[in-house]
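The values are calculated or read from the model by the stated rules, or taken from the named source; none is laboratory data. Predicted model only: the values in this text are computed from it and were never measured. Quick reminder, even Gly has a Cβ in these numbers, built from the backbone with ideal geometry, and neighbours come from all protein chains shown.
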Amino acid sequence: MADSSDSEQVSDGESDDDFEVLSGSSESEDEMNDVPMNANPWFRVRPPEIDYLHDQRFVENSGPQNVPAADAKPIDYFLLFPTLDFLRHIVRETNRYAQDFITSRQRIRRFSRLHSWFKVGAVTLAEMKGFISVILNMGLIRKPSITEYWNTKFPSQDTVWFRNIFSRNRFQSILKKFHIVDNTTLPNRNDDNYSPTSKFQCFVDLFNQQSKQHYKPKQNLSIDESLIASKGRSSIIQYIPSKAAKFGVKLWVLAEAVSGYIYQLSVYKGRQYDPTPQGMLQGA
């Protein structure tokens, strides 16, 4: 009998333990059932500035600003960026450089194009407008060399318009003397203030100024890199194999995301003059 009672006590103990475990699990299930079914433990986490911008409404009057009338000529729109004052500045600096160059030559060769410069005289504003128009049209009408635009040997390849604007010698003379800054005011290459973009930085500054004045972008802007094809000998020439041109002058561009309008641009001067801060990506 004692054995049977002991076994009964053991069995009773086992059943009590089992009951306690089962009862505990049922209580936890009851607690989980008390949680409302529509409770959502997930929530969006955003940086504070995103919430701030989300609450702000974009109310700017975006689009063209301070532009000519709708029936204005194309040249009026073109002159919004290289203004007439800037073109006069180019004429002045080109003639200055030409005079300095001629003065520095002790002897002018017999067939030098400088003779045609003396014959025609200094560059005028009308000639500078024609010079820029020729440069732009050369980008549209591609030929293997500059002289081919004045080639009359093959009628099928003749482009009369270029000859009507300039003679070949006059165009090449202006091209060689073309300047937009006074070289005597530029710092020496060994100077701490030297910049490889100093010979055209004034045009970049003018573009950024006029771009802001004549257009107000929409809310979404993007920063991108662009490459102007060039194989000139300069420290700012970059090699980017992912670009179609591969070699050229690299620009950082702030553009409107919708239209692609370039709002501001900055020329990358190379690792020596535009070093990337440690721990940061280029352009950051």
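Overview of results
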quantity	calculated
Matching residues in the range 82-113 - criterion: being of a type in the set (Phe, Trp, Tyr) and modelled with pLDDT of 90 or more	Phe86, Tyr97
Residues located in the range 99-133, provided they are of a type in the set (Val, Ile, Thr), surrounded by 13 or more Cβ atoms within 10 Å (Cβ to Cβ) and over 15 Å from Ile75 (Cβ atoms)	Ile102, Ile108, Val120, Val123
Hey, Gly279 surrounded by 13 or more Cβ atoms within 10 Å (Cβ to Cβ) and at pLDDT below 90 or not	no
Qualifying residue in the range 202-212 (condition: within 25 Å of the chain's Cα centre (by Cα), assigned to a helix (DSSP H, G or I), exposed (fewer than 15 other Cβ atoms within 10 Å of the Cβ) and touching a residue at least 12 places away in the same chain (Cβ under 8 Å))	yes
Test: residue in the range 222-232 that is farther than 29 Å from Glu148 by Cα, part of a helix (DSSP H, G or I) and either in contact with a Pro (Cβ under 7 Å, 6 or more places away or on another chain) or not aliphatic (A, V, I, L, M) (or both)	no
Residue, farthest from the chain's Cα centre (by Cα), within the range 66-82, restricted to residues that are in a helix (DSSP H, G or I) and surrounded by 13 or more Cβ atoms within 10 Å (Cβ to Cβ)	Tyr77
Inter-residue pairs, beta-carbon under 9 Å, first on the phi > 0 side of the Ramachandran plot and in the range 60-74, second assigned to a strand (DSSP E or B), 6+ apart	Gly63/Tyr215; Gly63/Lys216
Selection within the range 213-229 - hydroxyl-bearing (Ser, Thr, Tyr) and surrounded by 14 or more Cβ atoms within 10 Å (Cβ to Cβ)	Tyr215, Ser226
Helices (runs of 4 or more DSSP H) contained in the range 83-198 and holding at least 2 residues within 25 Å of Arg233 (Cα to Cα) and not assigned by TED's automatic domain parsing to the domain that holds Gly270	84-104, 125-140, 168-177
